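Chemist: Have a look at this one.
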Amino acid sequence: MRKYNKLIMFSVFMYLAVALIAGYAVRKADTSRDKAYKVEINRIYNSLSGDMSPDRLDLRTFRYVKAVTFLAAEDIESEEKAGDFFAAGNTLKSELHPLFADGLMKGILRFDYPEPGYNIRSLLITVQICLGVLELFVMAVLIYLKYQLIRPFQKLTGLQEDIAKGHLTGIVKEEKNKYFGNFMRSLGQMKDALEVSGKRRLELEKEKKKMLMSLSHDIKTPLNTIKLYGKALEEELYKDEEQKKTAARQIGVNAARIGQYVEEIMKSSREDILDIHVKNEEFYLAELMRRVLDAQEEKCSIRMLKLQTGDFTDRLLKGDIDRAVEVFDNIFENAFKYGDNRKIEISFYEEDYCQLIRIFNTGMTVSDNEFNHIFESFYRGTNSTGKQGNGLGLYICREIMRKMGGEIFAEKEKNGMAFVLVFR
C-alpha cells in the first residue's frame with residue numbers, strides 16, 4: 001500500500017512539474033514577443049537625436065515597427081492634425097513616446113507595429129515534450145499495474161474456481177511482490193484450512209455413521225426381546241404369575257437399554273460441531289478496539305448507523321485477538337441483520353478482575369422462549385425469516401469466548417439487545 005501511495009504522490013508531482021514547465025514556456029514566449037518590438041522602438045527612439053526627422057528613417061531593417069509618425073508640439077492643440085495623428089494606422093498596434101530636445105518636448109512619436117504573435121514552433125515543441133513525458137509516465141504506471149496487479153489477479157481465476165468447486169488439493173504459488181505475496185499466502189492458508197476442515201468433516205461423518213450403525217445394531221437386540229416378551233404375553237403363553245412378572249420386568253430392562261442408546265445418540269448430536277482452535281496469548285484492549293473499529297466503522301457509516309464507543313482503560317487481556325475480532329464481527333453482523341440500524345453502542349466496565357465489553361444495538365427483541373436458545377447451534381428465531389444465515393454465529397461466539405477462559409451472555413432490553421463479552 002505504501003508503494004501505491006508513493007505512486008499517487010509521484011503522479012501529482014509529475015503533473016505539477018509538467019504544468020510548471022508548460023506555464024514557464026508560455027510565459028517566456030509571451031515575454032519574448034513583448035521584448036522584440038520594444039527593443040526596436042527603443043533603438044529607433046534613441047537614434048532620433050538632434051534634428052533628425054522621423055521621415056528620414058529607413059524602416060526596412062526593422063522587423064516589427066512598420067511606421068513612425070511625428071506630431072509636433074505646436075500641432076498638439078490642433079484638433080484636425082491631432083485627430084489625423086491618432087486616427088492613422090489604427091489597423092496596427094501603436095505606442096506613443098514624447099520626443100525631447102534640449103530639455104524641451106518637440107512633439108510626440110507614434111510607433112506602429114503589428115500585434116506580436118507567439119512562436120508557434122517553440123510552443124508546439126514544448127507542448128509535445130510535456131505530452132511525451134506524461135505519456136511515458138502513464139505507460140510506466142500501466143506497465144506497473146499490469147505486472148503488479150492484473151497478472152497476479154489473472155492467476156487467481158483458476159484458484160477461485162478450484163475453491164468454488166471444492167478442489168482444495170495442490171500448492172498455491174506465491175508472488176514475489178510483497179502485497180500479492182501476502183495475499184496469495186493468505187489464500188493458500190485458506191485453501192489448506194478448507195481442505196483440513198473438509199477432511200475432518202468427512203471423518204466426523206464416517207464416525208457418526210459408524211456410531212449410528214453400531215447403535216442401531218445394539219438397539220435391535222433389546223427391541224427383539226421386547227417384541228418376543230410382548231407377543232408371549234399377548235398370546236397368554238405364560239400361565240404362572242411369576243413368569244408374567246419376569247416377562248414384564250425384562251420388557252422394562254430392555255426398554256431402559258434402548259433409552260440409554262437414544263441418550264447416547266442425543267449426546268453425540270450435542271457435541272461440538274466445529275473444531276475451533278484458540279491461541280492462549282495476551283493482547284491489549286486498545287489494539288483489539290482499533291481493529292474492531294477499523295472493520296466496523298465504515299460498515300456503520302454506509303448504513304447511516306450511529307456507532308458510539310465509550311471510554312476505556314487500556315488493559316492486557318488473555319486470549320486470541322484474532323478470535324476476539326471474529327466474535328465482534330459475528331455480533332455486529334447480527335446487529336446489522338436483526339437490528340433497526342439506528343444505533344450500536346459499545347461500553348466498557350470491570351468486574352471481578354475481568355474486562356467486560358457490552359455491545360448494544362437497537363431493534364426488535366426476541367421472545368422469552370427464543371431468548372433461552374439463542375446460543376444453541378443451528379437455532380434461528382422467528383425474526384430470521386427471509387434472512388440468510390445458518391444459526392451458528394452466536395454459538396461460535398460462545399465457543400470462542402469459553403475457550404479463551406471468558407464468557408458471553410445476552411441481555412434483553414425494551415428497545416434492543418445487548419451482548420456482554422467477558423475477558424480475563
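Chemist: Can you quote the Å³ per residue value for the convex hull of the Cα atoms in segment 272-318, rounded to an integer?
Modeler: On the way: hull volume 5.9 nm³, N = 47.
With only Cα atoms used, segment 272-318 gives 125 Å³ per residue.
Chemist: What is the Cα radius of gyration of segment 315-424 over 2.2 N^0.38 Å, N being its residue count?
Modeler: Working: Rg = 13.6 Å, N = 110, 2.2 N^0.38 = 13.1 Å.
Dividing the Cα Rg of segment 315-424 by 2.2 N^0.38 Å gives 1.04.
Chemist: Per residue of segment 317-333, what does 6.51 cos²θ - 1.76 cosθ + 1.60 with θ = phi - 60° give for ³J(HN,Hα)? Whole Hz please, x for Gly and Pro, Karplus curve as stated.
Modeler: Using θ = phi - 60°, the values come out as 9, 9, x, 10, 5, 5, 5, 5, 4, 4, 4, 4, 4, 5, 5, 5, 4 Hz.
Chemist: While we're looking at this one, here's another question. What length, rounded to one decimal in nm, is gained on full extension from Asp240 through to Met105, with 0.36 nm per residue of separation minus their alpha-carbon distance?
Modeler: Working it through step by step, the gained length comes to 32.5 nm.
Chemist: Could you list which residues have their amide H under 5 Å from that of Met417, counting only those 5 or more apart in sequence or on another chain, with H placed in the peptide plane?
Modeler: Under 5 Å from the amide H of Met417: Asn361, Gly363.
Chemist: Please report the accessible area of Asp84 (heavy atoms, 1.4 Å probe, ligands and nucleic acids excluded) in Å², nearest 10.
Modeler: Its heavy atoms expose roughly 100 Å² to the probe.
Chemist: Restricting everything to alpha-carbon atoms, can you work out Rg to Rh for segment 228-385 with a Kirkwood hydrodynamic radius?
Modeler: Working: Rg = 27.1 Å, Rh = 20.8 Å.
Radius of gyration relative to Kirkwood radius: 1.31.
Chemist: Applying a 10 Å radius around every beta-carbon, put 250-257, 319-326 in order of their mean neighbour count, most first. Kindly include the intermediate steps, with their values, before the conclusion.
Modeler: Details: 250-257: 14.6, 319-326: 18.8.
Highest-to-lowest ranking by the protection proxy: 319-326, 250-257.
Chemist: Under 9 Å from the Cβ of Phe348, count the other residues' Cβ atoms, weight Lys and Arg +1, Asp and Glu -1, and hand me the total. Let's see the in-between values first.
Modeler: Numbers: positive: Arg358; negative: Asp311, Glu350.
Net local charge, Phe348 excluded: -1.
Chemist: Holding the Cα-Cα limit at 28 Å, pick out from Lys337/Lys403; Lys306/Lys403; Lys208/Lys337 the pairs that are longer than that.
Modeler: Numbers: Lys337/Lys403 26 Å; Lys306/Lys403 32 Å; Lys208/Lys337 34 Å.
The answer is Lys306/Lys403; Lys208/Lys337.
Chemist: Using a 1.4 Å probe and counting only protein heavy atoms, arrange Ser78, Ser301 so the residue with the most accessible area comes first. Before the final figure, lay out each step's value.
Modeler: Working: Ser78 40, Ser301 80 Å².
From most exposed to least exposed: Ser301, Ser78.
The values are calculated or read from the model by the stated rules, or taken from the named source; none is laboratory data. Note that the coordinates shown come from a computational prediction; the quantities given were computed from them, not determined experimentally. Because the Cβ atoms are built from the backbone with ideal geometry, glycine has one as well, and the counts that use them run over all protein chains shown. These accessible areas exclude ligands, DNA and RNA; they are computed on the full protein's heavy atoms, side chains included. Shrake-Rupley method; radii C 1.70, N 1.55, O 1.52, S 1.80 Å.
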